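Here is the structure we will look at, set down as structure tokens.
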Amino acid sequence: MIKITNTISGKKEELIPRHNKTIQMFVCGPTVYDYIHIGNARTFVFFDVVAKYLRYRGYDVDYIQNITDIEDKIMQRAKEAGRDPLDWAKEYENKFLEDMKNLGVTAVSRYARATDHIEQVIKQVKTLKEKGHAYLIENDGWYFDLKTFPDYGKLSKRTVQMADDAVSRIDESEKKRNAGDFALWKLSNIGDPAWSFKTGEYLGANDGSPAFAKASAGKPGWHIEDTAITEHYFGPQYDLHGGGQDLIFPHHEVEITQQESASGKTPFVKYWMHVAFVINKERKMSKSLGNFTTAHELLEKYPKEVLRFYLLSGYYRSPLDFGDKILHQSEAGIQRISEFVQKLSLTTGDGKDPTGTKTTEEARQKFLEAMDDDFNTPRALAAVFDLIRNLNPLVSRGALDKDGVNNVRSFLKEVDSILGVVPSKHEKIPEEVLELVGKREKLREEKNWQEADKIRAQIEKLDYKVEDTVFGPLVSFLK
């Protein structure tokens, strides 16, 4: 039984799909005006694992992620660079997809661009208009009237009166009926890309001619693309919606407001999951604060397995610290896995010890229990390290029997298909260095610090260094 902490109820609930073993899942994707930062990557890697685990457990998962490729930030960046906004967005969409590939994020069934779903956006805006939820502000656009939706705030636990503290600048207007009312369709400014509100046709850059005004030419508001996309592919209701913690309000609150108002059906989404921030010096990482590190930069320094290990090393609902220390710990964790896999690859299974099968089955059970319990990846990783610690001496001596070896290999393959943390390429560290590292670890266990320091010096003479981490020693070449 898989349990999920549902943001809307605040409780851990059993996962029961709306239709047998089929799960419709949507996660908010990037606004493609720049490289994503590592905090964004945490969300995308986590939900990659969620989808892969659900499929491993026998569910048919249709996983959609949107790509916001028309938005004020995109137009501003393109304008500063003297570029066409749609070309700028396409360039950064490609960079995003390349980063996802390099991070091993492969579970998404389809990516849905906002600009490919303008007709669906317009259809939903018109439905809201017909049902009395939308109103027009001349020379501005169509807005949602929050007073028409009494259930506003059920996800974020906020009220209409509290709603204006996180409204985007595209929603600012002195003519709004309520402070928190948000834009559904914004009329375009001169020079901006524009679509006809009447036909959905792309009209090009607004040149100020009467034809643009006649067509109510503009672009989608901040929130409407998501519900237009999910209604198109999933219908008015579906199973699971994910995203970063910062999207709970107003973005996801507004999605509920839009879709339930348009369809008249509740609930819009059965389960809501939100990933906590990556914290850089006790502040959330964000582009607006200027304290972010991009996933692209980190991929140039670390293998994908190290970054995935780091991003999955903390429970997704808790903030995750960022810094060199924790990244080095993740390197050490991957190094432990790599060393074990290399030893395992040399094991013939000619030994007589039968404990490999039992130990592996215990580890598998702990792994599954952790993942079933709200996708607790730190506990799942701990199960893998328990296995390595228990079996490493037997693997080193070649003592395991064939069944044991095969079971261990099969389990690690399953783990990798879900978490993506078992390296396929292995750094070869000289046996002499590894023997010295082992001796040093034994001396440290005996608290013989003086002799351990002597061993460290010997290791450094061989052009290697050793750093102590929670996952054991990290051995690397001295640069």
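Overview of results
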quantity	calculated
Distance-filtered residues of segment 59-94 - backbone nitrogen under 20 Å, label point 7 angstrom along GLU300 Cα→Cβ	91-94
Charge sum, other residues only, whose C-beta stays under 9 Å from ALA107's C-beta, Lys/Arg counted +1 and Asp/Glu -1	+1
Karplus 3J(HN,Hα) series, Hz, for segment 119-124 with 6.51 cos²θ - 1.76 cosθ + 1.60 (x for Gly, Pro)	4, 5, 4, 4, 4, 6
Label-point separation, ASP353 to LYS265 (7 Å along Cα→Cβ), nm	5.7 nm
Full-stretch length increase - THR127, ASN189 - with 0.36 nm per residue and alpha-carbon distance subtracted	19.8 nm
Residue-by-residue Karplus 3J(HN,Hα) for segment 189-194, coefficients 6.51, -1.76, 1.60, Hz, glycine and proline x	8, 4, x, 7, x, 9
Inter-centroid distance (Cα atoms) of segment 173-220 relative to segment 324-393, Å	55 Å
Förster radius 45 Å - calculated FRET efficiency between ILE326 and LYS198, Cβ distance, rounded to 0.05	0.25
Peptides 42-55, 379-392 ordered by average Cβ neighbours within 10 Å, highest first	42-55, 379-392
Per-pair calculated FRET efficiency, R0 = 41 Å: ASP60 and LYS147 via Cβ, rounded to 0.05	0.50
Sites LYS343 and LYS3 - FRET efficiency at Förster radius 35 Å, r taken between beta-carbons, to 0.05	0.45
Whole-Hz ³J(HN,Hα) from phi, Karplus 6.51 cos²θ - 1.76 cosθ + 1.60, for segment 427-438, glycine and proline x	6, 8, 9, x, 4, 4, 5, 4, 5, 5, 4, x
Inter-site label distance for ARG177 and GLU369 at 7 Å from Cα along Cβ, in nm	5.5 nm
Extended-chain gain in nm, criterion 0.36 nm per residue less alpha-carbon gap, ILE16 and LYS157	48.3 nm
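Read-outs throughout are calculated quantities, based only on the coordinates presented, and are distinct from any laboratory measurement. These numbers were taken from a predicted model, which means no experiment stands behind them. So basically every Cβ, Gly included, is an ideal-geometry build from the backbone, and we count neighbours across all protein chains shown.
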